[in-house]
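Since the structure comes first, as structure tokens, the remarks are kept for the end.
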Amino acid sequence: MRERSSGPAPSKSISCLRKNRNILCGDRMPEIQIRPAVVADIAQLIAIDHSYTSDNVWQMDIAAENGQMAIQFRETRLPRSVRVEYPRHPQSLSADWRKRAGLLVAVHEQEVVGYISIEKDIAPAMAWVTDLAVLRRLRRQGIGSALVLAGQEWSLHHKLYRMVLEMQPKNYPAISLSQKLGFDFCGYNDRYYVNNDIGLFFAKTLR
């Protein structure tokens, strides 16, 4: 099987990541290559533990009075760390990975250690990140940030000038990553995921 042809040349992505390495995580990030996915990668992507641990949640408050409704989110510390299941089934990758506009993988020492999945037909000139996952043992080392930066480069290559990241309210690691990379909260959708969780959306204009 051939590699997907929808992404830029891998060497271009690697150069960009090394240029931004100090911004991402100093010297902690393992040496990685980011490239378009190939069919041999899919089993490894499915095997990644997509669950995550969180200490905080974005709590939604709704107030209705005199015909007006106010909705706000507030960051709340959880009584203890919780492990949260991913809201999608990674097994769907085996059936639809070729249908995804962009699917980039991070490779460390010949092992696929993470990926980012991007759609591009949800809104005009917009890249929509539906999935972002990294092996549990390599989290908090900058690989997720590197994947988002590579996704931004991929998006600009395809003339997509705005990017949206989606996540659950309990996915505080993803919320923190979004804010660190300059994404702003832009909305939500109630019962967005199949498990009826809210979907939070963070957006950024790409240049």
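Based on Cα contacts under 8 Å between residues 6+ apart, the chain shows a relative contact order of 20 percent.
With the simple spin-label model, which puts each label point 7 Å out from Cα in the Cβ direction, the Lys159 to Arg191 separation comes to 3.9 nm.
Give the residues of the stretch 163-179 whose amide nitrogen is closer than 12 Å to a point set 7 Å from the Cα of Ala123 in the direction of its Cβ. Answer for this model: 163-166. Panel order for Thr205, Thr53, by other beta carbons found within 10 Å of each beta carbon, from fewest to most: Thr205, Thr53. Full extension of the chain between Ile46 and Thr130 yields a length gain of 28.8 nm, computed as 0.36 nm times the residue separation minus the alpha carbon distance. Assuming R0 = 30 Å, can you tell me the calculated FRET efficiency for the pair Glu111 and Gln91, based on Cβ-Cβ distance, to the nearest 0.05? After rounding to 0.05, the efficiency reads 0.90. Multiplying the residue separation of Arg28 and Gln68 by 0.36 nm and subtracting their alpha-carbon distance yields 9.5 nm.
Of the GluC sites (Glu not before Pro) found in the stretch 93-184, those in coil by DSSP whose Cβ has at most 11 other Cβ atoms within 10 Å are Glu109.
Sequence-distant contacts, meaning Cα pairs under 8 Å at least 6 residues apart, place the relative contact order of the stretch 54-162 at 17 percent.
Read the figures in this text as sums done on the coordinates, not as results from a lab. Everything numeric in this text was worked out from a predicted model, so none of it was measured. Cβ atoms come from the backbone with ideal geometry, glycine included; neighbour counts cover every protein chain shown.
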